[in-house]
Amino acid sequence: MSILKRDFYLRPNVVQIARDLLGKFLCTESDGELTSGIICETEAYAGITDRASHAYGDRRTARTEIMYRVGGTAYIYLCYGIHSLFNVVTNEEGVPDAVLIRGIIPVDGTGIMLQRSGKVKVTNDFGIGPGRVSRILGIHYSWSGLDLLIETGKNCKPAIWVEDRGIRIDPSLILSGPRIGVDYAGDDALLPYRFTWKKM
DNA sequence: CGGCCGATCCACT
DNA sequence: GTGGATCGGCCGA
C-alpha cells in the first residue's frame, strides 16, 4: 500500500487519470476517525474547453481558483446547498483539470460511516453518489484546497489522500458513458467521461 | 444588490 | 416518479 505521489496527478491526460483512479482507495481522517473506500465511479472534467467544467472559458473565481492549483489538490464545492462534492485536481499548476469521485465501496470505518449517514445498514449503494461519498467520509467543502500529499490529520485538522493497495482493474472491464447532470454542457454533455467497471 | 440555479439526495406517493 | 431541501456562487442590473 502506498499513497499516490505527485507524478500520478501531474499527468496531462485527465481522462486517463479518471480511469486510473478506479480501484484506488480514497481515505480520510476527519474528527480523528479514519475512513476509506475503493473508488468505483469517477468523472473527468477537462479544463477550460470543457463546457461541463466550472473552469470552462477560463473563468477564474474564488471558487474555481482551486482547480488551477497543482495536481494532487482537493477541489470541493457545495452543490444544491447541501452536498460537498469532492474532486481531485490534476495536471500542472495553471491547468484546471479535475476528476469528480462519484462513488466508493466502503472499507475502513464502516461504523462511523453509517453513523455519519444516519443509516443502520451498509447497502449496495451506500457509497454511490458524490454527495454520499463526502458525507460518509466526513469531507466538508471547507477542505477545498487541501493537498492530497500532506498528512494534516493527526487528530486535529482534516486529512484526505488516495492510496494504491494493489487492486488492478482490467481495462477491458472498465465502462464509460456520459457524465451525470451536465445537460447544460451542449455537445460536451455527450463525452464518455464517466467511468465505472463491470463487477462480476 | 437581487435572483436564479446547481457535477444531488431522500422521503413520499 | 416527483418535489422539497438549502445556500453559496455567479451574473446581470
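The values are calculated or read from the model by the stated rules, or taken from the named source; none is laboratory data. Please read these numbers as outputs of a predicted model, since none were measured by experiment. No Cβ is skipped: glycine too gets one built from the backbone with ideal geometry, and neighbour counts run over all protein chains shown.
Scanning segment A:96-115 for residues that are within 13 Å of DNA strand B (Cβ to nearest atom) and more than 13 Å from A:Glu33 (Cβ to Cβ) yields A:Pro96, A:Asp97, A:Ala98, A:Val99, A:Leu100, A:Ile101, A:Arg102, A:Gly103, A:Ile104. Tell me, yes or no, whether segment A:116-127 has at least one residue that is within 12 Å of DNA strand B (Cβ to nearest atom) and of a type in the set (A, V, I, L, M). The answer is yes; a qualifying residue exists. As an exercise: evaluate A:Leu100 against (1) touching a His at 6+ places or on another chain (Cβ under 8 Å); (2) of a type in the set (A, V, I, L, M); (3) in a strand (DSSP E or B) and give the number of the one condition it does not meet. All conditions are met except number (1). Here is the figure for segment A:45-61: residues that are outside any loop (DSSP other than H, G, I, E, B) and either touching a Pro at 6+ places or on another chain (Cβ under 7 Å) or of a type in the set (Phe, Trp, Tyr) (or both) total 4.
Comparison of A:Arg63, A:Arg59 shows that the only residue that is over 24 Å from A:Asp20 (Cα atoms), surrounded by 14 or more Cβ atoms within 10 Å (Cβ to Cβ) and within 13 Å of DNA strand B (Cβ to nearest atom) is A:Arg63. Could you please find all residues in segment A:64-81 being in a strand (DSSP E or B), more than 10 Å from DNA strand C (Cβ to nearest atom) and not aliphatic (A, V, I, L, M)? Answer for segment A:64-81, where residues must be in a strand (DSSP E or B), more than 10 Å from DNA strand C (Cβ to nearest atom) and not aliphatic (A, V, I, L, M): A:Thr73, A:Tyr75. The single condition from (1) out of contact with any Ser or Thr (no Cβ under 7 Å at 6 or more places or on another chain); (2) at pLDDT below 95; (3) closer than 24 Å to A:Met67 by Cβ that A:Gly131 fails is (2). The set of residues from segment A:103-139 being more than 23 Å from A:Arg19 (Cβ to Cβ), part of a loop (DSSP other than H, G, I, E, B) and charged (D, E, K, R) comprises A:Asp108, A:Lys119, A:Lys121. Residues in segment A:68-83 that are free of Cβ contacts under 8 Å to residues at least 40 places away in the same chain and more than 7 Å from DNA strand B (Cβ to nearest atom): 1 in all.
Within segment A:82-90, can one find any residue that is assigned to a loop (DSSP other than H, G, I, E, B), within 15 Å of DNA strand C (Cβ to nearest atom) and exposed (fewer than 15 other Cβ atoms within 10 Å of the Cβ)? Yes, segment A:82-90 contains at least one residue that is assigned to a loop (DSSP other than H, G, I, E, B), within 15 Å of DNA strand C (Cβ to nearest atom) and exposed (fewer than 15 other Cβ atoms within 10 Å of the Cβ).
Return yes or no: is A:Arg116 over 24 Å from A:Lys5 (Cα atoms), modelled with pLDDT of 95 or more and within 12 Å of the chain's Cα centre (by Cα)? In short, no.
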